[in-house]
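K.L.:
Sharing a structure below in structure tokens format, with a few things to ask.
The values are calculated or read from the model by the stated rules, or taken from the named source; none is laboratory data. All figures in this text were calculated on a predicted structure; none of them were measured in a lab. Note that we place each Cβ from the backbone using ideal geometry, even for glycine, and neighbour counts take in every protein chain shown. Accessible surface areas use protein heavy atoms only, side chains included; no ligands, DNA or RNA. Shrake-Rupley method; radii C 1.70, N 1.55, O 1.52, S 1.80 Å.
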Amino acid sequence: VAAGLVYYAGLHLVLGLLLSVVFQLAHCVEEAEFPAVPTPPGDTADWALHQLRTTVDFSRHNPLATWYFGGLNFQAVHHLFPRISHVHYPLLAPMVRAACERVGLPYREMGWAQAIAKVYRVGFRPQATVTAR
């Protein structure tokens, strides 16, 4: 029984660390915006733009990272198309990026090491920056 509890606790520690890393890399970097006023419920006009402004893709070209994170490294696609299987994210991401570039919307991505460095910088800033939209 004790060994089972140790494995159970270890599993939750590893999964908790994994989820916190994914969320930090995708949402807590300098490029991600932190809106001062959230979009009101039911207001779909700015919903997609909000998703693009507050998320950053990381390690998009790393198949191992995509497999390990279950596609959550494709945050923009994950947020824009929540009902589409993550196995399609690598094919959808270039299309979303091209559509964003065509109409002048933000689409942000970075490598693994760059994202980690940016999370570190955001975490140790003297004051959190909030952008008003």
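K.L.:
As an exercise, use a Förster radius of 25 Å and the Cβ-Cβ distance of Leu91 and Asp46 to find the FRET efficiency, rounded to the nearest 0.05.
P.N.:
Details: r = 26 Å, r/R0 = 1.06.
That gives a FRET efficiency of 0.40.
K.L.:
Same structure again: Taking R0 as 30 Å, what's the FRET efficiency between His61 and Phe34 from their Cβ-Cβ distance, rounded to 0.05? Please report the intermediate quantities before stating the final value.
P.N.:
Values: r = 27 Å, r/R0 = 0.89.
That pair, His61 with Phe34, gives E of 0.65.
K.L.:
For the chain, what is the accessible area per residue in Å² when the probe is 1.4 Å? Display every interim value, and only then the final one.
P.N.:
On the way: 8650 Å² over 133 residues.
Spelled out: the 1.4 Å probe surface of the chain, per residue, equals 65 Å².
K.L.:
Within a Cβ distance under 10 Å of Lys118, other residues only, what is the Lys/Arg minus Asp/Glu net charge?
P.N.:
Numbers: positive: Arg121; negative: Glu30, Glu31.
Spelling it out: positives minus negatives among the neighbours equals -1.
K.L.:
Please work out which option in (1) 43, 32, 25; (2) 57, 39, 33; (3) 54, 34, 18 gives Cα extents along the principal axes in Å calculated from these coordinates, and answer with its label.
P.N.:
Working out Cα extents along the principal axes in Å from the coordinates points to (2).
K.L.:
Express the carbon and sulfur contribution to the solvent-accessible surface of region 1-126 as a percent, rounded to the nearest whole number, probe 1.4 angstrom. Mind dumping the intermediate values first?
P.N.:
Details: 5500 of 7940 Å².
It is 69 percent, rounded to a whole number.
K.L.:
What shape does region 53-123 take by its C-alpha gyration tensor, where a ≥ b ≥ c are the square roots of the eigenvalues and a/c under 1.5 counts as rounded, a/b above b/c as prolate, and the rest as oblate?
P.N.:
Values: a/c = 1.86, a/b = 1.16, b/c = 1.61.
It is oblate, given that a/c is not under 1.5 and a/b is not larger than b/c.
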